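Working notes, beginning with the structure itself.
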Amino acid sequence: MASPPLGDDDREQWRSKLLEYYSSNAPAKAVMVTDAMMDKWAGKYEELYANMVEKYGPLGSPIVPKPAPKARPAATADPAGYGKQPAAGGKQSGVAEFRDEFVKLVAVATAAIPTRSSEAAPSLVDAKSNYSANGLETSTFTLCTRIRPTLPHEEGRGGEYFTCIVPGESSTSAGGERTEAALVLTPKVSMTGAPKLEKTSFAFDYTFGPDSTNDEVYAAIGAPLARRALAGSVGVVFAYGQTGSGKTHTMNGLLDGIIGDLYADATAEQRQIKFSYLEVQGESINDCLADLQAGGSKGSAAGKGATGVGAVKIGEALDGRVMTRNLSEHVAGSRAELVALVGVAQSRRRTEATEKNDTSSRSHGVAILEVGPLGSGSGSGLGDLSPGRLYIIDLAGSERAADSKEHSKARMEETKAINLSLMSLKECIRARTMASRPGGGLSVHVPYRRSKLTLLMKDVFDIGCARLCATVVIAAVSPLAQDVAHSTNTLQYAAPLRVAVGVSQVPIELDPRDPVLWTQEQMCSWLSETAAIASDEPGSEEPVPFDAQALFGLMSGMQVCLLAESEFHKRVQSQVPGAAGGGLAKRLYAALWMLIVDAKTRKRSPNGRLITEAEETAAKEASEVERAEKQELWKDREKQLATERSFN
Ligand SMILES: Nc1ncnc2c1ncn2[C@@H]1O[C@H](COP(=O)(O)OP(=O)(O)OP(=O)(O)O)[C@@H](O)[C@H]1O
């Protein structure tokens, strides 16, 4: 006969039953059957038992309870923070339900924006030209945004596929500087359930709207950069934004136009155009043309992906220039050759289908064009013009955590690497912007060495960089409400980078003690003096005959600083053979190295002025005095406290 069911007041019998249950189905929890627990559940033992069965299964058939889902840390797949903001709309916000109302509200809001003149965009880069106090042309930053059109497959999809980002009004400052806004009309559903638009305006040097063509973008950005490259300066243009926002479309248009202009130039015959293409994936850099012969013909099998065949090394030279090792350069004799090279390089870039783009670039693609005179002594009449360089950078698109949720582990890692490098790019942009503000300058640290991508773009971020560099940043955005959070994020980060003409440039005081800046004569006289001092040192043999002019006479300070140590030794020893020459070369090279390091680490005030040694010593002494005064004050205070305590 079955024993009668236990009543809730059979405390000890319930205790045994619970112990038996836990020992069978969840042994680790058996210790929880204590008096306190029995007290807590007094009168409700039946309910407690039922809860246990639901959680751990019937007696003798344990089930393992599912752990509570853990929130995925944002840093894993979304370090750029794109996933933090909820997308506009979605089921929660109800934007899609009010689509028709929102479309009407956007139409009303945009009707109020004055129509723009139909003139083509001005040459934006030239408009930013500026001259510093010493009369030298300064580097420029030009900041644009491009709002792509709604794509055919997005038309008629309903829901949140409606436009909410448009070109806004243009305005001209008292100083005559013109800006153009990108207007974000974020759809929101109020607490009372009413649809409303939240307006945010971001100022750019120029806003290219959905109707702007690649030709228009080229005329404003590409043509002036091509002219500058032909004149021997450096230009960098990069686009960033969400995946599928139109970066590749824009950069390809720019590259096509620039190539056309370089070969259409009247002096094209006397110039040599070299092309390289690399892709950056996290910390790996791959040469996309590694297996091609110089003429563009194909060699062995191509290495796809940023490993193996075309692995490129990147670092900084003594004079601060960014140097690449193992990156092939291809001389393109004609426009057709260059177009073919570009085609090969781009076809090798890694692409994948993403939530937003079927052929999404999953690496940062960097096209480098070098434009120089056709070899020395060619009679080109181009003189000693140093080669111009253009970096045309098509960044991989950022993805929100929500958009990458279906990715495999490898793709998640890839997204993480892309977002991390974009995050360090953003940090550099932010720091560089702060440095451009009055009072910012050289005291702001721009962490461009933190990632390979930003190191490659050193000319853009190095505040102390003496090279003339025209930088153009294009913030690429989708116009759709569906993407509004991500687009706002892109605009938000880009907009502060716009710096007014005349404000951005910190006049850099040239350091007369920096050997990189010395003339041939200065370098030769320093080498002669240092060699004489070296041979006067105690223990040195007879003074060694050393003629710096004969060895380094035709070289500028920078050229001598760039010599490899072995080459430096070879030259000195060609004149002073044996151990004496070896010792001299060693001492001279070490002294030169010290000068370079000193110059690189010399302190400057926030306005860029060099701090003299006397000032540095005075500042140090002043801080010692201040510290001593503080210590005295502190001692007085302690005495006072001790007295107060003795009274109490
Ligand atoms: N201004 C434009 N006019 C017409 N079509 C455009 C425009 N911008 C982008 N598109 C189209 O949108 C799609 C996505 O553009 P694109 O591949 O350039 O995006 P992306 O930002 O480079 O994306 P990802 O970062 O994923 O590589 C392409 O089909 C492209 O042709």
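The values are calculated or read from the model by the stated rules, or taken from the named source; none is laboratory data. Quick caveat, the model's predicted, so the values are computed rather than measured. Reconstructed Cβ throughout: ideal geometry from the backbone, glycine too, with neighbour counts over all protein chains shown. When the accessible area is computed, the model is the full protein with side chains, heavy atoms only, and any ligands, DNA or RNA have been set aside. Shrake-Rupley method; radii C 1.70, N 1.55, O 1.52, S 1.80 Å.
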In the range 459-491, residues that are modelled with pLDDT under 85 and open to solvent by 10 Å² or more (accessible area, probe 1.4 Å) total 8
If we keep only residues of the range 596-621 that are β-branched (Val, Ile, Thr) and either more than 35 Å from the chain's Cα centre (by Cα) or open to solvent by 70 Å² or more (accessible area, probe 1.4 Å) (or both), then the residue modelled with the lowest pLDDT is 601
Only unsatisfied item for residue 89, checking (1) open to solvent by less than 20 Å² (accessible area, probe 1.4 Å); (2) at pLDDT 70 or above; (3) closer than 26 Å to residue 247 by Cβ, is (2)
Taking first residues from the range 565-585 that are free of Cβ contacts under 8 Å to residues at least 60 places away in the same chain and second residues anywhere that are assigned to a helix (DSSP H, G or I) and polar (S, T, N, Q), the pairs with Cβ under 9 Å that are 6 or more apart or on different chains are 580/535; 581/573; 581/574; 581/575; 582/573; 584/535; 584/573; 585/573
Within the range 220-266, the count of residues that are out of contact with any Phe, Trp or Tyr (no Cβ under 6 Å at 6 or more places or on another chain) and more than 16 Å from the ligand (Cβ to nearest atom) comes to 22
Scanning the range 552-588 residue by residue, the ones that are open to solvent by 30 Å² or more (accessible area, probe 1.4 Å), at negative phi and assigned to a helix (DSSP H, G or I) total 16
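Restricting attention to strands (runs of 3 or more DSSP E) lying wholly within the range 304-391, give those where 2 or more residues are of a type in the set (Phe, Trp, Tyr), within 16 Å of the ligand (Cβ to nearest atom) and modelled with pLDDT under 85.
Numbers: elements: 313-316, 322-325, 364-373.
Ranges flagged: none.
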* To do: Kindly indicate whether any position in the range 208-219 is among the aliphatic types (A, V, I, L, M), within 16 Å of the ligand (Cβ to nearest atom), within 12 Å of residue 257 (Cα to Cα) and open to solvent by less than 20 Å² (accessible area, probe 1.4 Å).
  => yes
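Considering each of 149, 167 in turn, give the residue that is under 26 Å from residue 224 (Cα atoms), outside any loop (DSSP other than H, G, I, E, B), within 16 Å of the ligand (Cβ to nearest atom) and modelled with pLDDT of 80 or more.
On the way: 149 fails: outside any loop (DSSP other than H, G, I, E, B).
Exactly one of 149, 167 is under 26 Å from residue 224 (Cα atoms), outside any loop (DSSP other than H, G, I, E, B), within 16 Å of the ligand (Cβ to nearest atom) and modelled with pLDDT of 80 or more, namely 167.
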